[in-house]
Amino acid sequence: MRGSDERSGSLFSYVDLEARVRPDHPLRTIREIVNAALGNLSKAFAGLYTDFGRPSIASERLLRAMLLQAFYGIRSERQLMERLEFDLLFRWFVGLGVADPVWDHSIFSKNRDRLLAGEIAVKFLSAVLAQPKVKRLLSSDHFSVDGTLIEAWASIKSFRRKDGDDNDSKGPGRNAEASTRRSVQTRRTKVRPTRRPGCIRRGMGSRPSCVTWGTL
């Protein structure tokens, strides 16, 4: 039998956020580690506020929200609050209920300085690294990467001959094909001539990319 597409608004809705998140979701392990670290910082959070006045947004919720912003690559606090408004997974991780209101995005600007002044970021990271589940993932091994290719903000057309003669194209128009091969021995870019530029082709059929050689 075909189901109905009509929307039936319920006066009461009972939604258990804990049941909505699957048991093997990666955020479950992260949330457990984060909550344990935040529990050790309770006294540090209390020292940032006075004993009177209007209650503020809990620092624990602000830090959890900023972690989600980093995990999911959300570009601004405004977009983060919009996502937190309708995403049940985000609400569960931060500690908000289904009916709890979302705070204004300007709260981050006002509280970020307070958290930095109290060195909460350093204490929070230290508390996370001290967790037993995190310690076994750490290592003192060191490695270096040499000859790194960094994508350059320069087009192929910005490469000019070192001798000043650029009359090596055939055909009319600004997009004429070059009849000679471009190389760092005969050309250099006008964008940053002090860097060591070059062009590479990452695969058959792909167009060349301008890169800058560097060292990490």
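Each value in this text was obtained by applying a stated rule to the coordinates, not by laboratory testing. What you see is a predicted model; the values in this text were computed from it and never measured. In this analysis, Cβ positions are derived from the backbone assuming ideal geometry, glycine residues included, and neighbour counts consider all displayed protein chains.
Structure data summary
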item	result
Taking TRP92, TRP103 and counting other C-beta atoms within 10 Å, the order from fewest to most	TRP103, TRP92
Backbone HN-Hα couplings from phi across region 121-127 [Karplus 6.51/-1.76/1.60, Hz, Gly and Pro as x]	4, 5, 5, 5, 5, 5, 5
Rg in Å to one decimal, and Dmax rounded to a whole Å, for region 23-92 via C-alpha atoms	13.7, 42
Centroid-to-centroid separation of region 47-66 and region 84-122 [C-alpha atoms, Å]	9
Ranking of THR29, THR50 by count of other Cβ atoms within 10 Å, fewest first	THR50, THR29
For ALA37, net neighbour charge (Lys/Arg +1, Asp/Glu -1) across residues whose Cβ lies under 15 Å away	+4
Ellipsoid semi-axes in whole angstrom, largest first, where each is sqrt(5λ) of the Cα gyration tensor of region 17-135	22, 20, 13
Relative contact order of region 17-135, pairs being alpha-carbon contacts under 8 Å that are 6 or more residues apart, as %	39
Residues ILE30, ILE57, sorted so that the one with the fewest Cβ neighbours within 10 Å comes first	ILE57, ILE30
